Every structure is written in structure tokens, then in C-alpha cells.
Amino acid sequence: MIRTHRPAAGVCALLAALAAGIAFPGQAVADETTEAAPKVELVLDVSGSMRTADIDGGTRMAAAKQAFNEVLDATPEGVQLGIRTLGADYRGNDRKEGCKDTAQLYPVGTLDRTEAKTAVATLSPTGWTPIGPALLKAADDLQGGDGTRRIVLISDGEDTCQPLDPCEVAREIAAKGVGLTIDTLGLVPDAKTRDQLSCIADATGGTYTSVQHKEELTDRVGQLVDRAADPVVTPVATEGTDQCSSAPALKSGLYTDREEFGQQRWYKVDVNPGQELRASVSVAADRAVNADYGVLLRAVTVHGREIVRGEASGLGRTDVISTGLRYPKAESDDDDTTPETVCLQVTNSFSAASGVKTSPGLPVELTVDVVDGPSKASDVASFGLGRGWWLLGALVLTGFLAGLVWGWVSRWRVAVWRTN
């Protein structure tokens with residue numbers, strides 16, 4: 001059965017945006033995929049354990065080869081695809097040498113299906129499982145260009161090259177703000193393998209899938225390669241500050257940042273009269289954290305007066321927490337078109353579990369959208385009810401009048417009953 005984790009930041013930011021009435025902007029700083037070719041590198045574990053025959057009566061290696069051949073046939077035109085191995089060459093017992101055993105089997109570029117299939121056919125389960133080193137090399141393989149970049153890691157066991165923790169490697173890759181996603185697939189995984197591969201995927205907003213059948217492996221790898229070819233909004237890396245005066249000025253778009261535990265980050269947005277600011281934020285717990293946490297998003301004037309806020313809290317049952325806000329700037333009566341600088345403050349109350357590293361900070365995804373405001377800014381500013389205030393008032397008045405009438409009728413009926 002396939003089990004897929006949600007992306008740590010991307011999906012939840014979109015949900016928060018929809019909840020707050022936010023749509024991704026038409027004119028965004030975050031660039032949509034244009035002519036830049038998407039890049040995908042398949043990273044395959046070729047360690048000795050891949051000889052195990054427990055996937056539909058065949059070995060894990062045989063299932064992986066079949067999946068690769070079918071995926072290579074179906075790879076969309078325009079996708080630059082490469083293949084990297086780990087544990088494919090060194091047969092000895094020297095751990096230091098075994099942890100260097102990662103190589104690019106087929107370079108990332110225009111796909112020659114015959115050549116790539118021939119390279120895959122030569123693979124034979126051999127050595128160690130240096131997942132961390134392989135991820136570092138794969139990130140280097142995908143450097144350059146502005147298109148989508150995705151690593152698809154297929155493994156059947158834990159990394160054997162600690163203390164280079166692959167989870168920490170994935171966090172470091174994400175902290176660079178390069179927009180690279182790592183998806184992981186576990187072949188018949190045990191609990192430790194599942195936890196490690198899930199951690200790697202969560203750190204970069206990717207997905208983890210548990211695979212026990214050949215068809216599942218082929219379908220899932222194919223889906224991930226196809227996904228790389230889909231148009232996406234690429235988040236723009238930014239760096240908030242500890243005060244509004246020095247904060248980066250943002251325009252409409254999707255942004256990523258890192259925030260330390262319990263830290264606050266500031267950003268600035270200019271809003272013209274007659275426009276509405278819509279913002280949402282998602283903070284991902286990409287490592288073990290203590291239960292009971294929250295995130296706060298505030299819109300504040302440059303003088304420190306709070307305009308509006310959005311907040312959310314959790315009790316440890318989700319790995320991402322999101323909130324949003326809206327602020328309509330009323331039209332000026334004297335035709336003043338001077339924009340107002342709105343300070344956005346993002347604060348989290350996460351705390352690290354015992355023994356968990358606090359650096360790099362937690363992934364933050366911030367959506368900013370400045371659009372034409374409603375006909376009357378007060379319609380939205382009134383506690384978020386907009387023109388619903390009229391309906392609410394009408395319901396209250398109707399209930400009051402109905403209560404009076406019912407009370408009068410009841411008293412009259414009681415009086416008649418007593419008389420009779």
C-alpha cells in the first residue's frame with residue numbers, strides 16, 4: 001500500500017491562502033516556470049540488501065530496474081533526467097571507502113532512453129548505503145537553471161554512513177533556498193527506514209511513499225517525474241529581519257525563509273489606497289518538536305500599531321501550521337496615492353525536543369498578494385464578516401421580534417386557560 005506524506009510547506013501554504021481568500025497573484029515576484037527545463041535525478045540504492053527477494057517474488061533490484069525502464073519510456077519530452085547510484089561499486093568492508101561510494105550513472109540532461117536503459121541494466125547490488133553523501137552529490141548535479149529541480153530517492157534501508165545524518169543533509173539543502181525537492185520511496189521498509197526517509201522528504205517539502213509491489217514503484221516514480229514537468233510557482237528565497245525598519249520589501253509572490261525556534265521575523269509590503277493586502281504563512285516542523293505550539297502573523301503600521309492578525313495553534317498532531325490575514329486600505333478622500341508601508345511579523349512558539357538540533361531554523365513559506373480592494377474597505381475590515389454584518393443584524397432583529405410575539409401569545413394563552 002502506498003502511503004504518501006503531504007509536502008511540509010507548499011500544500012499547506014496554498015490551503016492557508018484559500019482559507020484567507022487568497023489566490024496566487026497574476027503579477028508575482030515568484031517566477032512561474034517558463035522556458036527553463038525541469039531537472040530530475042533518480043537516486044537508486046544499490047547496496048547489498050537490494051538482493052533480497054520479497055517484491056512480488058523477485059528481488060528489490062529487479063523491481064527497481066523494471067520501474068526505471070518503464071519510467072524512462074514515459075518521461076515527458078523536455079525533462080532533463082539523470083541517474084545517480086549509491087553503494088554500487090565498492091565491495092569491501094572499509095566503511096570509510098564504502099561511504100564514498102556514490103556515482104552518477106547517467107548525467108542530468110536530454111534523455112537518450114536506450115543509453116540510460118543500458119546503464120541501468122549493468123547494476124548489481126554491492127555495498128554500503130551512503131544516503132547522505134549521495135544527496136549532497138545529487139544536489140550538485142542539479143545546479144544551474146531556473147526550472148523545477150527534484151531528487152527521487154529509492155532505498156530499502158537506513159543510511160550506514162552516520163554521523164553524516166541524511167536528515168540534516170536534507171535540511172541544509174532546504175536552508176540554501178535553492179527550491180530543490182526530495183521525494184523518497186522505501187522498498188518494504190522497516191520502522192527506522194520509514195522514519196529516516198520521511199524526515200528527508202519533509203525537510204524539503206517532498207513526499208514519502210512506502211512501496212511493496214512493482215506496480216506501486218513504477219507508478220509512483222512515474223508520477224514524480226511527470227510532476228517535475230508541471231508548471232509551478234517557484235518560491236523566492238528571502239531573509240526576514242528582527243525589526244520592521246530593516247525588513248526586506250516584498251511584492252506579490254511566494255517566499256521562503258528560515259526561522260529559529262521562538263524567533264520573530266519581519267517583512268514589509270507597500271499597499272496603495274484602494275488595494276487589499278492578503279497574506280498567509282506556513283511554518284513546518286521538519287524535526288521533532290514539543291507539543292503545544294503556534295504561529296502568529298501580524299500586520300502592523302511602521303509606528304507599531306497592530307492592524308490585523310491571524311493565528312493558529314497545534315498540539316503535535318500535524319507537521320505544518322498555517323494562518324492568514326487580510327487588510328483593505330481605504331481609498332483616500334483627497335486623492336492621495338501615497339502607499340502605506342505595512343509591516344508583517346511572523347512569530348512561532350515551537351520548541352525543540354530534547355537532543356534535537358535547532359539550526360538551521362524551521363522552514364517558513366510566506367504568500368503575499370496585493371490586489372484591488374473591495375468597493376468599501378470597511379466591508380472586509382469589520383471582523384472579517386464583510387457585508388455579513390447586515391445579515392447578522394437582520395437575524396438578531398428577527399429573533400428579537402419573534403421572541404416578543406411568542407411571549408405575548410404564550411401569556412395570552414395562559415390567561416385564556418386560567419379564565420376557562
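Summing Lys, Arg as +1 and Asp, Glu as -1, what charge do residues with Cβ under 9 Å from the Cβ of Ala63 carry, Ala63 excluded?
Numbers: positive: Arg60, Lys65, Lys214; negative: Asp56.
Taking every other residue near Ala63 into account, the sum is +2.
What is the distance, in nm, between label points placed 7 Å from the Cα along the Cα-to-Cβ direction at Asp336 and at Gln143?
It is 5.1 nm.
Of Thr238, Gly157, Leu72, which is farthest along the charge dipole of the chain in the positive direction, counting Lys and Arg as +1 and Asp and Glu as -1 at C-beta?
The one lying farthest along the dipole's positive direction is Gly157.
How big is the antiparallel share of DSSP beta bridges in the chain, given as a percent to the nearest 5?
Approximately 65 percent, going by the DSSP bridge assignments.
Pick out, in residue order, every one of the GluC sites (Glu not before Pro) in the stretch 67-133 that is DSSP loop and has at most 13 other C-beta atoms within 10 Å; say none if there are none.
Glu77
About the Cα centre, and with charges only on the beta carbon of Lys, Arg (+1) and Asp, Glu (-1), how big is the dipole of the stretch 42-107? Nearest 20 debye, please. Could the numbers behind the result be given before it?
Working: 8 positive and 10 negative charges, 67 e Å.
The calculation lands at about 320 debye.
What whole-number distance in Å separates the alpha-carbon centres of the stretch 44-67 and the stretch 400-420?
82 Å
What are the extents of the Cα atoms of the chain along their three principal axes, in Å, largest first?
Principal axes ranked by extent give 100, 67, 45 Å for the Cα atoms.
How much of Lys214 can a 1.4 Å solvent probe reach, expressed as accessible area in Å² and rounded to 10?
60 Å²
By Kyte-Doolittle mean hydropathy of at least 0.0 and Cα axial length of at least 24 Å, which whole DSSP H helices of the chain are selected? Walk me through the intermediate numbers first.
Values: long enough: 388-419 (46 Å, 0.90).
Helices passing the filter in the chain: 388-419.
Give me the number: length gained by fully extending Thr419 to Glu115, i.e. 0.36 nm times residue separation minus the C-alpha to C-alpha distance, one decimal in nm.
99.1 nm
What percent of all Cα-Cα pairs in the stretch 63-105 falls in each 5 Å bin, counting up from 0?
Binned Cα distances yield the sequence 5, 18, 20, 17, 15, 11, 8, 4, 1.
On average, how much accessible surface per residue is there in the chain, in Å², for a 1.4 Å probe, leaving out ligands, DNA and RNA?
Values: 20370 Å² over 420 residues.
Spelled out: the 1.4 Å probe surface of the chain, per residue, equals 48 Å².
Roughly what % antiparallel, to the nearest 5, for the DSSP beta bridges in the stretch 236-372?
Just about 95 percent of them are antiparallel.
Please give the direction-averaged projected area of the C-alpha convex hull for the stretch 39-229, in square nanometres with one decimal.
For the stretch 39-229, the mean projected area of the Cα convex hull comes to 9.4 nm².
Measure up Lys137/Lys214; Lys251/Lys329; Lys39/Lys137; Lys65/Lys100; Lys65/Lys214; Lys268/Lys329 against 18 Å on the Cα-Cα distance and list the ones that go over.
Lys137/Lys214; Lys65/Lys100
Taking just the C-alpha trace of the stretch 236-372, give me its Rg and Dmax in Å.
Here Rg and the maximum Cα pair distance are 15.7, 59 Å.
Could you work out the helix-only [θ] at 222 nm for the chain, with each DSSP H run of four or more residues adding -39,500 (n - 2.57) and the total divided by the number of residues, to the nearest 500 deg cm²/dmol?
-9500 deg cm²/dmol, from helical runs alone.
Only bridges whose two residues both fall in the stretch 39-229 count here: according to DSSP, what percent of them are antiparallel, nearest 5?
The antiparallel proportion sits near 25 percent.
Using only C-alpha positions, report the orientation-averaged shadow area of the convex hull of the stretch 58-165, nm², one decimal.
Values: hull surface 29.1 nm².
Orientation-averaged projected area of the Cα hull: 7.3 nm².
Could you give the dipole magnitude of the stretch 39-229 about its Cα centre, charging the beta-carbon of Lys and Arg +1 and that of Asp and Glu -1, in debye to the nearest 20?
220 debye
How many nm separate the modelled label positions at Leu392 and Lys251, each set 7 Å beyond the Cα in the direction of the Cβ?
Result for the modelled spin labels: 3.7 nm.
Roll a 1.4 angstrom probe over the protein heavy atoms and tell me the percent of accessible area of the chain that is carbon or sulfur.
Here carbon and sulfur together make up 52 percent of the probe-accessible area.
The values are calculated or read from the model by the stated rules, or taken from the named source; none is laboratory data. Only a predicted model underlies this, so the values are computations on that prediction, with no experimental measurement involved. Glycine gets a Cβ as well: all are built from the backbone with ideal geometry, and neighbour counts include every protein chain shown. These accessible areas exclude ligands, DNA and RNA; they are computed on the full protein's heavy atoms, side chains included. Shrake-Rupley method; radii C 1.70, N 1.55, O 1.52, S 1.80 Å.
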